[in-house]
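Before any comments, here is the structure.
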Amino acid sequence: MSDETNRPKTPSQQPTQQFTIDNLSLHAGDEEPGQAGTANVVMQTWFHLFRTAQIHAVDNQALQRPIAAMVDMTNTLIPKEGRLSFQAKDKALFVNGSKLRLSSDEYELAREIFQFFEERGIGGFTIEAPMNAAAVRGMLNALVYTPERKFDKLEAAIKAANLPFRLNKPLGTGKKSRAEVTLERRSYTFFTYSKLVVLYRSLIAEQKIATAQRAFLVKKIARTIQALVDICLEDDHTFLGVSAVKSGEAYASHHAANVAVLAIALGEKLGFSKVELADLGMGAVFHDVGLRDCPADLLMKPEPLDPKDRTWIEQHPMRSVEYLLNQRSFSKSSLSQMVVAFEHHRNFDGSGYPFGSRRPDIFSRIVTIADVYDAMTTQRPWRNAFMPDETLGMMTREAGRRFDSALMKVFVNTLGLYPVGTLVRLDTGDLGVVIYGGGEGERLSRPIITLLNREGKPSGTVDLAERTPAGAYRWSIVMTEDPKKFGIQPSGLIAISAGVGD
């Protein structure tokens, strides 16, 4: 939320279209939205069928609609396609050989599908002819309503039922190349980030949520944060890439996830332990949770805030603390979350809100930096997004007043002078998007970029630290550019580099 109280006094600019995790895969390539929809229907139909079957008996009325949907899907698609193959490989899903492009909500479905397949030792299935309701029930009896978990016996049961349904063995079980491992790690990073977005969105979606459901979601969020910490410790640069995913419309959930990623990355550079990084990540996720009570029209208001609006906004740290107090039990982690929620709008020099007599805790100071950076680089209703390098410059000028100077210096080193997602122009005239940067030495100012062709599509990756045989740099950045000027969405290009889009 960070810059809510610093809105310009002039009329806001018209917002431009932004890339979001919800169209991460759908919009990253050449296809228009909706062209990949049929393949995703296959995944959704299968998920609802097996998930409902895991809860209800085969003759339960609740299964009628999922079974009917499966029948309709096979009778519609197989006459056109000849067959229907649904396969999992390396945490990706394929329909008739085409990789699915998943929305954030679908990533959660995909995770359960992977688990269903892995528990049974299968990689997917092929349907060779349209199925009727009896055939679908026969398939469920052989595959779901059985304690059997071995591939050979499940396959035999399917064959014995004489169904046009064939199980496929897992793919990609051989030794992977370094490039395949890197790509899988990047995809998993986006997958985990997306899961955090979905979980937080689910938590704040309803004003009144059952205590058990809240505890369940918070526990899953904590586990996801722990997974992100593990990713950061393994490869902090790949980890930072997801923080460039922006959503002006679904701002709250993406902002919570981005602030967590940035805070964990900064904490890792400071030498925090794994437990401390997890506590810091949880504090970052919930720093703005009190805004769930704020009217949507106020949060999305394009005009400058009036005094009444500002008073409401400035109450959200206390509302966040109140929300966090309403839980079953307290731990060091939960108390740390409350401190961060209360202090993240207090500045290093003692100004800001709410008033406090002591300097903010180090977790709070870290989250303040992460909060402001993500907010400023995201499209908002009252202003366009600032460019990443521009944002770092403005924040650096506030070091010592608004931000801790030492932490700000480490933050710049973490992101690099050209953070991930920055559009740059080279001395060759080419445009490129930074996909890997930060660190010490020459890497600080010489990131790895994806070059763009005339259509704004990726055309190769270059390392700006590479030198000629004579020792000169092959390429150099001459300036940064505004992506909106060229109709470029850096987040989509970063997703492509991670293997999430095409």
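The values are calculated or read from the model by the stated rules, or taken from the named source; none is laboratory data. Not measured: the values here are computed from a predicted model. Note that each Cβ is placed from the backbone with ideal geometry, even for glycine, and that neighbours are counted across all protein chains shown. The accessibility values were calculated without ligands, DNA or RNA, using every heavy atom of the protein model including side chains. Shrake-Rupley method; radii C 1.70, N 1.55, O 1.52, S 1.80 Å.
Of the numbered conditions (1) within 21 Å of the chain's Cα centre (by Cα); (2) assigned to a loop (DSSP other than H, G, I, E, B), residue 417 fails exactly one; give the number of that condition.
With (1) within 21 Å of the chain's Cα centre (by Cα); (2) assigned to a loop (DSSP other than H, G, I, E, B) applied to residue 417, the lone miss is (1).
Considering only residues that are buried (at least 23 other Cβ atoms within 10 Å of the Cβ) and either touching a Lys or Arg at 6+ places or on another chain (Cβ under 8 Å) or at pLDDT 85 or above (or both), which ones fall in region 477-495?
483, 491
State yes or no: is residue 246 among the basic types (Lys, Arg), in contact (Cβ under 8 Å) with a residue 24 or more places away in the chain and in a helix (DSSP H, G or I)?
Answer is no for this residue.
Of the residues 324, 415, which single one is touching a helix residue (DSSP H, G or I) at 6+ places or on another chain (Cβ under 6 Å) and within 29 Å of residue 300 (Cα to Cα)?
324
Filter region 385-409 down to the residues that are surrounded by fewer than 17 Cβ atoms within 10 Å (Cβ to Cβ) and of a type outside the set (Lys, Arg), then identify the one that is nearest to residue 477 (Cα to Cα). If you could, list the steps in order and put the result at the bottom.
Taking region 385-409 as the starting set, the residues that turn out to be surrounded by fewer than 17 Cβ atoms within 10 Å (Cβ to Cβ) are 390, 393-394, 396-398, 400-401, 405-406, 409.
When the remaining residues are screened for being of a type outside the set (Lys, Arg), the result is 390, 393-394, 396, 398, 400, 405-406.
Working: 390: 15, 393: 17, 394: 20, 396: 21, 398: 26, 400: 29, 405: 27, 406: 27 Å.
Of everything passing the filter in region 385-409, 390 is nearest to residue 477 (Cα to Cα).
Regarding residue 256, is this residue under 13 Å from the mean Cα position of the chain (by Cα) and part of a helix (DSSP H, G or I)?
Values: under 13 Å from the mean Cα position of the chain (by Cα): yes; part of a helix (DSSP H, G or I): yes.
Taking the combined requirement at face value, the residue satisfies it.
Can you name the number of the only condition in (1) at pLDDT 85 or above; (2) charged (D, E, K, R); (3) open to solvent by 70 Å² or more (accessible area, probe 1.4 Å) that residue 201 fails?
Single failed check for residue 201: (3).
Restricting to region 259-280, and then to whatever is in a helix (DSSP H, G or I) and without any contact (Cβ under 8 Å) to a residue 24 or more places away in the chain, can you tell me which residue is least open to solvent (accessible area, probe 1.4 Å)?
276
Take region 444-476 and flag every residue that is open to solvent by 50 Å² or more (accessible area, probe 1.4 Å) and of a type in the set (A, V, I, L, M, F, W, C).
470, 472, 475
Any idea which of 110, 28, 39 is among the aliphatic types (A, V, I, L, M), outside any strand (DSSP E or B), more than 25 Å from residue 131 (Cα to Cα) and at pLDDT below 90?
28
Being small (Gly, Ala, Ser) and not in a helix (DSSP H, G or I) is the filter here; which residues of region 42-79 pass it?
Across region 42-79, the qualifying residue is only 57.
Would you pick out the residues in region 365-378 that are assigned to a helix (DSSP H, G or I) and under 23 Å from the mean Cα position of the chain (by Cα)?
Across region 365-378, the qualifying residues are 366, 367, 368, 369, 370, 371, 372, 373, 374, 375, 376.
Scan region 286-331 residue by residue and report those that are open to solvent by 50 Å² or more (accessible area, probe 1.4 Å), in a loop (DSSP other than H, G, I, E, B), among the charged types (D, E, K, R) and closer than 18 Å to residue 252 by Cα.
314
Using the structure shown, decide if residue 441 is open to solvent by less than 40 Å² (accessible area, probe 1.4 Å) and at pLDDT below 95.
Against the criterion (open to solvent by less than 40 Å² (accessible area, probe 1.4 Å) and at pLDDT below 95), residue 441 does not qualify.
Say we look at region 141-154 and pick out the residues that are open to solvent by 50 Å² or more (accessible area, probe 1.4 Å) and assigned to a helix (DSSP H, G or I); which of these is nearest to residue 127 (Cα to Cα)?
Filtering region 141-154 for residues that are open to solvent by 50 Å² or more (accessible area, probe 1.4 Å) and assigned to a helix (DSSP H, G or I), the one nearest to residue 127 (Cα to Cα) comes out as 141.
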